[in-house]
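Each remark here refers to the structure printed beneath this line.
The values are calculated or read from the model by the stated rules, or taken from the named source; none is laboratory data. Keep in mind the model is a prediction, meaning the values are calculated, not measured. Positions of Cβ are generated from backbone atoms using ideal geometry, with glycine treated the same way; all protein chains shown enter the neighbour counts. With ligands, DNA and RNA removed, areas are computed over all heavy atoms of the protein, side chains included. Shrake-Rupley method; radii C 1.70, N 1.55, O 1.52, S 1.80 Å.
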Amino acid sequence: MTLPKACIFDLDGVIVDTVPAHFVAWKAMADELNIPFTEIDNEQLKGVSRTESMRRILEMGGMTKSASEIEELTTRKNHIYVDIISKMTPNDILPGVVEFLDLLKDNDIAIALGSSSKNAPVILKAVGLSDRFEVAVDGNHISHSKPHPEVFLLGADQLGLSPADCVVFEDAISGVQAAKRGNFKCIGVGESDILHEADLVIPDMKAIDLSIFNQL
Ligand code: B16
Ligand code: MG
């Protein structure tokens, strides 16, 4: 493809390395419930909303809980998670991200955020990236979690662009599926065997330049 008019970035796992923090917090809840929970299980929760993630962990343990119990568990998970992310600094931005955002800006390619996280504003502030996104759609603005395409469609709409004008960067299976269901080109950031539904997979954001779009 030629250069896109915009790039829409996932947050957790693409811009910042919050995946281990989510894992630690979910593992604490799973341990309490005596549900085995590994990093492989955590892979399935990437991009998935907080409540849906809790439901899936309960499902792994063959358990059911009432809506109020789920609310109580997710609230405590979030306290553990927020405690970790509140200590984040610009050093927690993943390698290559700032350079790539600069490159997009210099080439008049718009930059947007498409995250499932309700903590996105706090994270962006902590790492000093709040003013880098023209449009920022996060878990506070959507009613359907990835793999539903709502978060990216809303982002494109707020940019005044169609999905064909935008490229999505995603680290989660659910996020890649959301992008593809919304008719976006999608670059997976991570392992190609996990993100095989993406149009292209890169291991990380290090040393990427505009030639990446020629590969789509
Ligand atoms: P919160 P992303 C997602 O963010 C995470 O990948 C996922 O693990 C998390 O459960 C979800 O946000 C909700 O996060 O509890 O902070 O609202 O990858 O879409 O940026
Ligand atoms: Mg992610």
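Residue-by-condition table, conditions (1) acidic (Asp, Glu); (2) within 16 Å of ligand 1 (Cβ to nearest atom):
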| position | (1), (2) |
| --- | --- |
| Asp157 | yes, no |
| Gly160 | no, no |
| Asp171 | yes, yes |
| Ser174 | no, yes |
| Gln177 | no, yes |
| Asn183 | no, no |
| Gly190 | no, yes |
| Leu195 | no, yes |
| Leu200 | no, no |
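Report whether or not Glu52 is on the phi < 0 side of the Ramachandran plot and more than 15 Å from ligand 2 (Cβ to nearest atom).
no
Listed here are the residues, each with its yes/no results for (1) acidic (Asp, Glu); (2) under 22 Å from Val135 (Cα atoms).
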| site | (1), (2) |
| --- | --- |
| Phe23 | no, no |
| Asn34 | no, no |
| Glu39 | yes, no |
| Met60 | no, no |
| Ser66 | no, no |
| Ile111 | no, yes |
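Across the range 4-20, what is the total count of residues that are at pLDDT 95 or above and over 8 Å from the mean Cα position of the chain (by Cα)?
Summing the residues that are at pLDDT 95 or above and over 8 Å from the mean Cα position of the chain (by Cα) in the range 4-20 gives 7.
Based on what the data block shows, is Gly62 at positive phi and under 19 Å from the mean Cα position of the chain (by Cα)?
No: the conditions fail for Gly62.
Quick one: would you say Ile187 is under 15 Å from Ala6 (Cβ atoms) and within 15 Å of ligand 2 (Cβ to nearest atom)?
So Ile187 passes the test.
On the given criteria, is Ile109 open to solvent by less than 70 Å² (accessible area, probe 1.4 Å) and more than 25 Å from Gln177 (Cα to Cα)?
no
From the list Ile109, Ile93, exactly one residue is within 27 Å of His148 (Cα to Cα), at pLDDT 95 or above, more than 16 Å from ligand 2 (Cβ to nearest atom) and among the aliphatic types (A, V, I, L, M). Which is it?
Unique residue meeting the criteria: Ile109.
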